[in-house]
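Worksheet: the structure to be examined is printed underneath.
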Amino acid sequence: WLVDTTSGGASPQEIDATPKVADGEEAACADFAAQWLSSDAYATFVEQQRQATEDLKANPADVASLPTRGPGQLKALRTLLAYRMTTHYKSPEFLGPRFGDKIFMSLLTMSLYWGIGDKPDAQSIQSTAAVLYFFAALCGYGAAAFVPSLTLERALFYRERADGCYYAVTYYVSKFIEEAVLCTLTSFVFSLIIFFAMHLQGSFFLFVLVYFETAMVGICLAYLVAAIAPNMEAANALLPTYVTTCMYFGGLFLVFDKIPDGWYWYSWTSFLRYSWGAMMLNQFQDQATGQVTAFYDDVTGRPQNVLEFYRMDEGIMKDMSACIIILGAQCLLFGALGALTLTFKSHVKR
């Protein structure tokens, strides 16, 4: 082969693909184009084409009746939910991060805090208050599992939006509904395991509601960070950093009275403040454990119960409804900011 290539010669083994014909004869080659032009099928096709052209000229279509735009956004939303959501709900890779941590943490908490919720001693009261705060914090840190939901679909989202399939807000609403429906189930399962095992007090359904709202705040916060960050690495670094700052101002590690005046405003923005406050009020307000004076005020010398110690006996922090409403408002705020960011910020350069 190398000799043939460099010398330009032909080896004896080279196969001649030329058709073999006898001397004086030409190779037969069918002319399909000529046969088609002389066929009856071609004549029928030409006649049908001529007739269709005359019919269109005689009865032209009404231009005003032709559609000028594609399907509406409600149709696009329904399509996204019908195909994407149902597909995700069948995917173990999608369901695993959303159910796995809830099941694991609920079983771990159940084994550690079994029956502690209704005990009146100071250590049990303090431990219960701390684990309620931990539940709220888990919703913030656990939201890191939702960051890939936007970042990994970014290229697909940009392409489909450029094709006019849907608006960015429509896409975001579909993701919100997809997560909210599943979060309802995961919140109920988590609460069902730990509420009765720990002998928590108050209303079970209020506890589920507060936990659901906190989880949705974490999800919307994760979507906002994913829309802002240029890649998943940056988003996974930014999200826990913000949640950690909220933990400083949530009221457990640093009680509200000890927060410096220059930083006190930031405590009002912490979603953990309202989530933990609602859980604490549900657990201790109008309960026997909530009347136990297990703490002591060094300034006044007066014994205090757990709600008084954490300053949940005054202002909006003593109103469970206010805490729940503010928590829901924060969820909507983070959701609106995420949708706006997804609409106006692009990470694609052309």
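The values are calculated or read from the model by the stated rules, or taken from the named source; none is laboratory data. Keep in mind that what you see is a predicted model, and the values were worked out from it rather than measured. Heads up, the Cβs are rebuilt from the backbone with ideal geometry, glycines too, and the neighbour counts pull from every protein chain shown.
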- Task: Could you please find all residues in the stretch 161-217 being over 15 Å from residue 106 (Cα atoms) and among the hydroxyl-bearing types (Ser, Thr, Tyr)?
- Result: 166, 167, 170, 171, 172, 174, 184, 203, 214
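Of everything in the stretch 95-120, what is within 19 Å of residue 149 (Cα to Cα) and loosely packed, with under 15 Cβ neighbours inside 10 Å? Give them in sequence order. Step through it out loud before you land on a result.
Start the filter on the stretch 95-120 by keeping residues that are within 19 Å of residue 149 (Cα to Cα), which leaves 95-102.
Hits for the stretch 95-120 are 95, 96, 100.
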- Note on the structure: Filtering the stretch 267-323 down to residues that are of a type in the set (Asp, Glu) and under 33 Å from the mean Cα position of the chain (by Cα) yields 319
- Message: What's the number of the only condition in (1) over 16 Å from residue 99 (Cα atoms); (2) of a type in the set (D, E, K, R); (3) in contact (Cβ under 8 Å) with a residue 12 or more places away in the chain that residue 178 fails to meet?
- Response: (1)
- Item | Which numbered condition residue 223 misses (of (1) on the phi < 0 side of the Ramachandran plot; (2) in contact with a Phe, Trp or Tyr (Cβ under 9 Å, 6 or more places away or on another chain); (3) outside any helix (DSSP H, G or I)) | (3)
- Message: Quick check on the stretch 178-186. Is at least one of its residues surrounded by fewer than 19 Cβ atoms within 10 Å (Cβ to Cβ) and modelled with pLDDT under 90?
- Response: no
- Note on the structure: For residue 348, the lone unmet condition from (1) surrounded by fewer than 16 Cβ atoms within 10 Å (Cβ to Cβ); (2) of a type outside the set (Ser, Thr, Tyr); (3) closer than 17 Å to residue 276 by Cβ is (3)
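Quick one: which helices (runs of 4 or more DSSP H) lie wholly within the stretch 226-330 and hold at least 1 residues that are among the basic types (Lys, Arg)?
On the way: elements: 232-248, 264-267, 271-284, 306-309.
Ranges flagged: 271-284.
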- Task: Tell me which of these residue 156 doesn't satisfy, since it passes every other one: (1) outside any helix (DSSP H, G or I); (2) within 22 Å of the chain's Cα centre (by Cα).
- Result: (1)
